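A quick write-up on the structure given underneath.
Please treat every number below as a calculation from the coordinates, not as lab data. These numbers come from a predicted model, not from an experiment. Here the Cβ is made from the backbone with ideal geometry for all residues, glycine too, and neighbour counts use every protein chain on show.
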Amino acid sequence: MNQNDLARSIRERYIPLPGIEKGYSSVMLVGTTGAGKTTLLRHLIGSDPNRDRFPSTSTAKTTIAEIEIVTAPGPFKAVVTFAAHDEVLGNVQECIEAACEAVVRGGDDPSIASALLEHSEQRFRMSYLLGSWEQAPRVTDEDDDEDYEDHHSESTLELHLNTEELVGAPEIEHNNARLRRYVHTIRALAIKARQGAAVQVGDYDDQKQSDRPEWFADFFQPELRRHDEYANLVSDILREIERRFELVAAGSFDGTDDLRLELPDCWSYESSDRDDFLKQVRWFSSNHHEQFGRLLTPLVNGVRVQGPLYPSRDKLRTNDLRLVLLDGEGLGHSAKDVSSISTKITDRFRDVDLILLVDNAAQPMQAAPLRLLQDAGTSGHGDKLAVVFTHFDQVSGDNLRRRSDKLNHVKASLTGAMTGLSGRVSPRISETLTARLSKHAFYLGALNRPALQLRNADTEALRELMDLMRSSGRLPESINLLPTYNFDRFDDLALNDATGEFKLLWEGRLGLREHAEADREHWARIKALCRRIGIFRTNEYNQLKPVADLMSELQTMVSAWLEEPESWTRPATAVEENAVIDRIRSAAFRRIRDFAEDEVVETRRDDWERAYEFRGTGSTKQRAHLMVDRILEPAAPTVRSRSRRAEAADDFRDRIRTIVREAVDEVAISREEETHLLEDGSSNLPFE
């Protein structure tokens, strides 16, 4: 069980997610960072941006944990789960190493502290845990140098922070003294490591500009890790992180993740008072600067809450609102990036009734939202999609005078995006997605306003959206229909194209060949990926997602093959055929995900670690060739090859065939076409 599944299973023990059997609909909000999905979520649960501040928002990456909200009467309940030991350890080490590099580059104390306190990925902010550099108590009106609009917003926000939620002056000074000590230690440690690296290959100042990143990664960082001061600093920071749990006054912690670092498995809390409840939950979700030094937000991988969290505006209220709302980390920003959608997102497709894509109406649809639409379609979940265009008030132009003009403009943009997507998916899927999104598209503006200040058009659009949410949770219709497939005609050529494209994509990223859509990745990012997978046991790093990439290629191939059965058990409409094929796609997708994780990561962690350990001149090419030969080719072999890898290729093909057979079998059973043995011992399953 991977870390995400483990955390979800822990949360499930405390607050089970209700399903359609209890009249609930599950809705997942996805979209690019900054599109406004969390702001939309606030309106759906009646969370005031000043009083409640849950979930947190900002212009940077804010939502990095899974947020799960169950609307229900009764008391408020919460369960929070935390990151694994290796993940926290890896982030702490990388922050210390970045701070030491800042020393070598001649950075002053504030820049060294900045490198220590905020990870380069902006996912792990130690300032939340340890305090910011030279942090001061509550900012006064005279000291605040922000513009009026920002200052006014923060001042309003501060009115709702009582003394129990503030980090007091004595604690702030204690944190400041500790950070000054850390910076002093980092300076001394960096000087030692610099001297050690200089003995091996010369000093940093003597390196060519282009060679300096390699000097840091291959000589300076290994030298850092040799010193006791480095290990002591890592241990000291981890102990301080552990102590932050002791400052939480309410609720209870259960379990430990690892004896080396006493992180609990989870925190749980229950209260009948909304303000008290959210005040306690904010220690695990807030990003407010006056709570820096106590916030546990960077350690959290999931927050599940349940209670009467309903819209605050009367027009949106209902007596029996039964929703499960899921929010998570935003998609990437790029008009070109072909990076696949994280498995953290695609893993939840099967768990939800509605996939709500939140996109910015004021800009063209980017690569990541289009990739999400593609993955939803090929995995059999296209009929769950809807789209919300936010920032509709910012759509402007001399030719866009009326709301209807703006609507037509955004609709035309969506039509253009779907036309571009049609070249990546089959005509069946393209038609399904186009029809679905043309029917279920919503246009919202000025969501940054409080609920009572929303314009009537936006309130009406929200009401229509909530109607769709409520109606999306329903049992699938039973269709007495099944396709028949001849697996002797399984499309080996298409399977070979899928594995080939996966390898071409990664050879482009590794700099071994040109790729039209994949730029060469900096070697340091490739090395960081190897470290994350090989040592810290993750399956991706930032926008580098090898598991998701292989999944996407295989699922696209399988999805297309499933559309061409030899026959059907009875005449049927195209709608009926699509519905059955989508169910098979979904069943296959779950198996392909597990297969890709096993082939790319689980069985080859030693090779990932070996790739990370290359250093020195020529290490970039050595790492790239090892990844191709020992990881990528074995995980996705050339299926039609007659080379020495033919046996592995045959095994790969047979495993994919088995995955599809099992998916068809699962749907056959679910359609109450029970398997029964005939007198001669054969089976009436449609793939026989």
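Give me the compactness ratio for the range 211-257, meaning the Cα radius of gyration over 2.2 N^0.38 Å. Can you show the working numbers first?
Numbers: Rg = 17.1 Å, N = 47, 2.2 N^0.38 = 9.5 Å.
Scaled against compact globular proteins, the figure is 1.80.
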Practice item. Report the one residue of ALA516, SER552, VAL600 whose Cα lies farthest in the direction of the positive end of the charge dipole of the chain (charges on C-beta: Lys and Arg +1, Asp and Glu -1; origin at the Cα centre). Key: ALA516
Point to revise | Residue among PRO450, PRO476, PRO427 farthest towards the positive dipole end of the range 424-478, charges placed on Cβ | key: PRO427
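Normalised by the number of residues in the chain, what is the relative contact order in percent for Cα pairs under 8 Å and 6+ residues apart?
Working: 1077 pairs, mean separation 129.1, N = 688.
Computed over the chain, the figure is 19 percent.
When the dipole is taken about the Cα centre of the chain, and only Lys, Arg (+1) and Asp, Glu (-1) are charged at their Cβ, what size is it in debye, to the nearest 20?
On the way: 90 positive and 118 negative charges, 163 e Å.
With only Lys, Arg, Asp and Glu charged at Cβ, the dipole is about 780 debye.
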Review point. Taking a point 7 angstrom from the Cα of GLU662 along the C-beta vector, which residues in the range 530-558 have backbone N less than 17 Å away?
Key: 551, 554-555, 558
Check your understanding: Straight-line reach from LYS344: which lysines have Cα under 29 Å away, leaving out those fewer than 8 places along the same chain?
Key -> LYS22, LYS37, LYS61, LYS77, LYS279, LYS336, LYS384, LYS439, LYS503, LYS527, LYS545
Check your understanding: So, in Å, what gap is there between the alpha-carbon centers of the range 530-587 and the range 182-246?
Key -> 43
Review point. Which of the GluC sites (Glu not before Pro) across the range 408-489 are loop residues per DSSP, with 11 or fewer other Cβ within 10 Å?
Key: GLU477
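Between VAL575 and ARG105, what length in nm is gained on full extension when 0.36 nm per residue of separation is reduced by their alpha carbon distance?
Details: separation 470, 0.36 × 470 = 169.20 nm, distance 6.27 nm.
Taking VAL575 through ARG105 to full extension adds about 162.9 nm, to one decimal.
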Review point. Considering only DSSP states other than H, G, I, E and B, which trypsin sites (Lys or Arg not before Pro) in the range 307-401 qualify as loop sites with at most 13 other Cβ atoms within 10 Å?
Key: ARG317, LYS336, ARG401
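Quick check on the chain: of the DSSP beta bridges with both residues there, what percent are antiparallel, nearest 5%? Intermediate results must be reported in sequence, preceding the final value.
Working: 25 of 51 bridges.
Bridges in the chain that DSSP calls antiparallel: roughly 50 percent.
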Point to revise | Selection from ASN360, SER619, HIS288 lying farthest towards where the dipole of the chain points positive, charges on Cβ | key: ASN360
Revision key, fill the gap. Computed about the Cα centre, the charge dipole of the range 358-501 from +1 Lys/Arg and -1 Asp/Glu charges at the Cβ has a magnitude in debye, to the nearest 20, of 680
Revision key, fill the gap. Dividing the mean separation of Cα pairs under 8 Å (6+ apart) by the residue count of the range 342-484 yields a relative contact order in percent of 28
Exercise for review: Take each uninterrupted DSSP H stretch in the chain, measure its Cα extent along the helix axis, and return the ones at 20 Å or beyond whose mean Kyte-Doolittle hydropathy is at least -0.5.
Suggested key: 85-104, 169-201, 403-421, 492-509, 546-562, 574-600, 646-670
Point to revise | Cleavage-rule hits (trypsin sites (Lys or Arg not before Pro)) in the range 461-517: DSSP loop, at most 16 neighbouring Cβ within 10 angstrom | key: ARG474, ARG513
Practice item. Among [x] 55, 27, 23; [y] 42, 35, 24; [z] 59, 35, 23, find the value of semi-axes √(5λ) of the Cα gyration tensor in Å that was calculated from the structure presented, and write down its label. Key: [y]
